[in-house]
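Peer 1: Provided herewith is a single structure, encoded as structure tokens, for subsequent inquiry.
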């Protein structure tokens, strides 16, 4: 008799033994991996080999995962294990029955191949690719090929608009009842540039609605969410966020719990691995998050400098044109502000150290870094004018008054209280100065070396770790004078960080 | 005191405990993975997180691997484990001391990014990329981005020549003392098309030197190396190959042990995952292997058909132009032969079943499939003429005589004896017919469904598994007549294969 009743894509055919979940506790970060014994029935009958992409199901939940093979004693033929991310996605518990089948053929891969072969994609094709990416159905090699195929202007304005829309549609969307919903974004690349909490406090004190959601650091020593987490609770869900904004007009939360443009997080992870950044991806990444957050007026801070992300004014102009094209398509108002990107901002680099700078500026103490204060007031003023909350040309003065009067500080306290209470960031146990090898004048500070040193010290994972800057460009220094202080929670991390700092001098000093 | 003497990129700094290798037996195929405890000193001090790319060293050997984190009880903080491929590459033994450091920055990634951004690469840049790929220093996402960046004609003729040269330089190169060294290649996509052993036997019997190296199947039910392995020993090293060819004038070995164009194997693996095939990659892939093998005259069989790899004559013309450009640059003679790609060739599909067809043709038995015999004679004749071993227009007749007289069979025996002895392939235990659901005439056979059915039956891993075709296009069939027979070594595999075959009819029958 022919076996024509057999379901092809499950492992419960005759003779196949059921697979039982056994946790092994292997962490592969965001990559889903399933571990099977090479002689298990499903591997033999389906012909699965290591690195095959398979569909894994427990109960009603299913994911696509990469197959790794593990023999005894870790696994028996009737057992299956999952990487930490896969176990989480499937809510797997010891003893659960795991079903394995061939990963479904992805229709959107035809569109991906069309793009690789240089064709224009329509909105439906882009939507199908982004839907599969955000559902975790693309292996990284497919995502990487998509990014490479779209780089170098191979994605035009219309495709960038479609990409942005598809990314917005990949997640949740917040809706507010105000005509003007302000937002503030920095394209990044400048250590210590933690103006966002200050700008939000000033602008909200000036009457703007500002439901700010931020990311954690991906490759930098701190993201705004990391910094804010040393001061208050940031992992709020959508209902909690709405409650905070309705109460105090603004928020400073982590966007990760809100599922806004989740495809963006996946694309960014692979982009960073490749270290490529196309204009189309950058624009869709930034604006999809803002559209999903319900913003109408967005100020974008673009630091320009030789070791910043944007290195020349011509890059800024190209980015601005692409940004404006997409913003227009969605009826968004954007204001691009070029700022100085030649050196770190403020003194602290790392979550807690930056939080201390933020507090010092808002509380108007003598420790407040003047450059951080000045930049925050300028940006807040520009945002107030842009949103019609200050007359043209009067924004900076209005912002300065809101800060100096303590109104912004009280607003910041109210935001933190609404989110779960204000707390004071901790301090590192281990510290060591990196000193000037000779006397002279500081001519340049390398943002990338500074960021790397702060990360080797433990930032952002260890909140109190990082760097405290002691000099700025144009300062005169004498031999042996501290240039910056490394803060760490473990002596090993302090050693590593200092060793790197000595091998890669971040502060250039011209002798007299 | 400042720690300026510390080596930055090793884990033997003060306080770091040495890591001891503990095998866990995890198979990730070709992807090198290292498993560490999340709280091990090197993870903490270097800030390594899961999926980081790290350099791993045991003794003098070092590789780049992807980091996965594993807690107790599998690993303690002072232990490290390696995936099977990584352990093999490092010759790791239980108790070895494992050193971990940051993966070195790859200079060639600048060239990769330049290509992604649409620039032409010079020979040195292409060489640097291929060198890093063949040394295993590129993660798959980088390889994938490289392939996507080079597709759609974004690599010109000169770059394709440079790519081919770089791939040749990535491995060993064979040198022969004859002016004419013949080779024969098929671009693939046609199940059962196992003409190579027959063509080699005839052409060598006709006086040609033919040191043939073949690959194992990558996505097909059998490669020539898999088929030959059921008949003789194929994993010969370069010295053994030379000895065989000097003795009998030809070989039929697996190329994998010879390290010819190893970069090609890595690129193909990622190409298959993406299911993309650019002309530049295909040309460089085929010709780099042939140049490395020392061939001078290459016949390339290109089956054209609606379910073959090359589907239209226009694709063939474009491929031929690209192929000829590169061949000219290296002084290679190539002859492209268009063949019928509308249905499988011979009866058997799968290593042992194809080997039986090969033997039947060479031994002139009644079981010899006429289409396989005819195609092999035509190709061997074309090769004899092309290499000057037969007068123009007389090749087919000469080839036919060499086959009919038994000379080709004796040459084949001699080749197998020289390689280690001729053996007879086995037979499968489980068989089941797939029959015609109704009477009519066979109008088409889908190569892809046939190949998939043979693979689900166990081919090529289980040598005796596969399909035996029982009909050809234009045959008349009655209801219930066998269309093909599935051969398997396990009843579960037989069921799976038949279930797929019934759900995806490969043989189209037009009722009368």
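The values are calculated or read from the model by the stated rules, or taken from the named source; none is laboratory data. This one's a predicted model, so the numbers in the text were calculated from it and none came from an experiment. Cβ placement follows ideal geometry from the backbone for every residue including glycine, while neighbour counts extend to all protein chains displayed.
Peer 1: The conditions are (1) surrounded by fewer than 23 Cβ atoms within 10 Å (Cβ to Cβ); (2) at the interface with chain B (Cβ under 8 Å from one of its Cβ atoms); (3) within 24 Å of residue B:26 (Cβ to Cβ), and residue A:53 fails exactly one of them. Which is it?
Peer 2: Against the list (1) surrounded by fewer than 23 Cβ atoms within 10 Å (Cβ to Cβ); (2) at the interface with chain B (Cβ under 8 Å from one of its Cβ atoms); (3) within 24 Å of residue B:26 (Cβ to Cβ), residue A:53 comes up short only on (2).
Peer 1: For the range B:114-126, which positions are touching a residue at least 24 places away in the same chain (Cβ under 8 Å) and assigned to a helix (DSSP H, G or I)?
Peer 2: Within the range B:114-126, B:115, B:116, B:123, B:126 meet the criteria.
Peer 1: May I ask you to list pairs of residues, at least six apart or on different chains, whose Cβ atoms are under 8 Å apart, with the first in the range B:489-504 being touching a residue at least 40 places away in the same chain (Cβ under 8 Å) and more than 7 Å from every other protein chain (Cβ to nearest Cβ) and the second being surrounded by fewer than 22 Cβ atoms within 10 Å (Cβ to Cβ) and part of a helix (DSSP H, G or I)?
Peer 2: That search, which allows pairs on different chains as well, returns B:501/B:449; B:504/B:449; B:504/B:452.
Peer 1: Do the conditions hold for residue B:252, that is, is it assigned to a helix (DSSP H, G or I) and either in the same structural domain as residue B:299 (by TED's automatic domain parsing) or touching a helix residue (DSSP H, G or I) at 6+ places or on another chain (Cβ under 9 Å) (or both)?
Peer 2: In short, no.
Peer 1: Can we say residue A:182 is within 27 Å of residue A:377 (Cα to Cα) and within 14 Å of chain B (Cβ to nearest Cβ)?
Peer 2: For residue A:182, the condition - within 27 Å of residue A:377 (Cα to Cα) and within 14 Å of chain B (Cβ to nearest Cβ) - is not met.
Peer 1: Okay, moving on. Can you report the number of residues in the range A:266-299 which are crowded, with 21+ Cβ neighbours inside 10 Å and either out of contact with any helix residue (DSSP H, G or I) (no Cβ under 7 Å at 6 or more places or on another chain) or assigned to a strand (DSSP E or B) (or both)?
Peer 2: Residues meeting the conditions: 7.
Peer 1: Pick from A:41, A:77: which is out of contact with any strand residue (DSSP E or B) (no Cβ under 6 Å at 6 or more places or on another chain) and under 27 Å from residue B:451 (Cβ atoms)?
Peer 2: Answer to the selection: A:41.
Peer 1: Do we have any residue at all in the range A:9-24 that's crowded, with 20+ Cβ neighbours inside 10 Å, facing another protein chain (nearest Cβ under 7 Å), in contact with a strand residue (DSSP E or B) (Cβ under 8 Å, 6 or more places away or on another chain) and at pLDDT below 85?
Peer 2: Checking the range A:9-24: not a single residue is crowded, with 20+ Cβ neighbours inside 10 Å, facing another protein chain (nearest Cβ under 7 Å), in contact with a strand residue (DSSP E or B) (Cβ under 8 Å, 6 or more places away or on another chain) and at pLDDT below 85.
Peer 1: Go over the candidates B:455, B:441 one by one and state the one that is surrounded by 24 or more Cβ atoms within 10 Å (Cβ to Cβ) and either over 28 Å from the mean Cα position of the chain (by Cα) or within 12 Å of another protein chain (Cβ to nearest Cβ) (or both).
Peer 2: Residue meeting the stated conditions: B:455.
This table checks each residue for (1) touching a helix residue (DSSP H, G or I) at 6+ places or on another chain (Cβ under 9 Å); (2) closer than 23 Å to residue B:48 by Cβ.
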position: A:19; (1), (2): yes, no
position: A:23; (1), (2): yes, yes
position: A:36; (1), (2): yes, no
position: A:39; (1), (2): no, no
position: A:57; (1), (2): no, no
position: A:61; (1), (2): yes, no
position: A:69; (1), (2): yes, no
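Peer 1: Continuing with this model, one more query. Take the range A:467-488 and flag every residue that is within 10 Å of residue A:432 (Cα to Cα) and without any contact (Cβ under 8 Å) to a residue 60 or more places away in the chain.
Peer 2: A:482, A:484, A:485, A:486
Peer 1: Now for a separate question. Give all pairs with beta carbons closer than 6 Å in which a residue from the range B:87-113 that is within 13 Å of chain A (Cβ to nearest Cβ) and at pLDDT below 90 meets a residue that is assigned to a strand (DSSP E or B) and surrounded by 13 or more Cβ atoms within 10 Å (Cβ to Cβ); count only pairs at least 6 apart in sequence or on separate chains.
Peer 2: Matching pairs, first to second residue: B:101/B:55; B:103/B:53; B:103/B:54; B:103/B:55; B:103/B:64.
Peer 1: Mind listing whichever residues of the range B:224-263 are touching a strand residue (DSSP E or B) at 6+ places or on another chain (Cβ under 6 Å) and either free of Cβ contacts under 8 Å to residues at least 40 places away in the same chain or farther than 18 Å from residue B:291 by Cα (or both)?
Peer 2: B:224, B:225, B:228, B:234, B:235, B:236, B:244 - these are the residues of the range B:224-263 that are touching a strand residue (DSSP E or B) at 6+ places or on another chain (Cβ under 6 Å) and either free of Cβ contacts under 8 Å to residues at least 40 places away in the same chain or farther than 18 Å from residue B:291 by Cα (or both).
Peer 1: I'd like to check something: does the range A:183-206 contain any residue that is more than 25 Å from residue A:269 (Cα to Cα) and surrounded by fewer than 24 Cβ atoms within 10 Å (Cβ to Cβ)?
Peer 2: no
Peer 1: Which one is farthest from residue A:152 (Cα to Cα), of the residues in the range A:116-142 that are modelled with pLDDT of 95 or more, within 14 Å of another protein chain (Cβ to nearest Cβ) and crowded, with 16+ Cβ neighbours inside 10 Å?
Peer 2: Ranking the candidates gives A:129 first.
Peer 1: Which condition from (1) touching a helix residue (DSSP H, G or I) at 6+ places or on another chain (Cβ under 6 Å); (2) within 19 Å of residue B:64 (Cα to Cα); (3) not in a helix (DSSP H, G or I) is the one that residue B:81 breaks?
Peer 2: Status for residue B:81: all satisfied but (1).
Peer 1: Would you mind stating whether residue B:276 is within 14 Å of chain A (Cβ to nearest Cβ) and out of contact with any strand residue (DSSP E or B) (no Cβ under 7 Å at 6 or more places or on another chain)?
Peer 2: Criteria met by residue B:276.
Peer 1: Filtering the range B:468-484 down to residues that are closer than 12 Å to residue B:450 by Cβ and within 14 Å of another protein chain (Cβ to nearest Cβ), which residue is nearest to the chain's Cα centre (by Cα)?
Peer 2: This residue is B:484.
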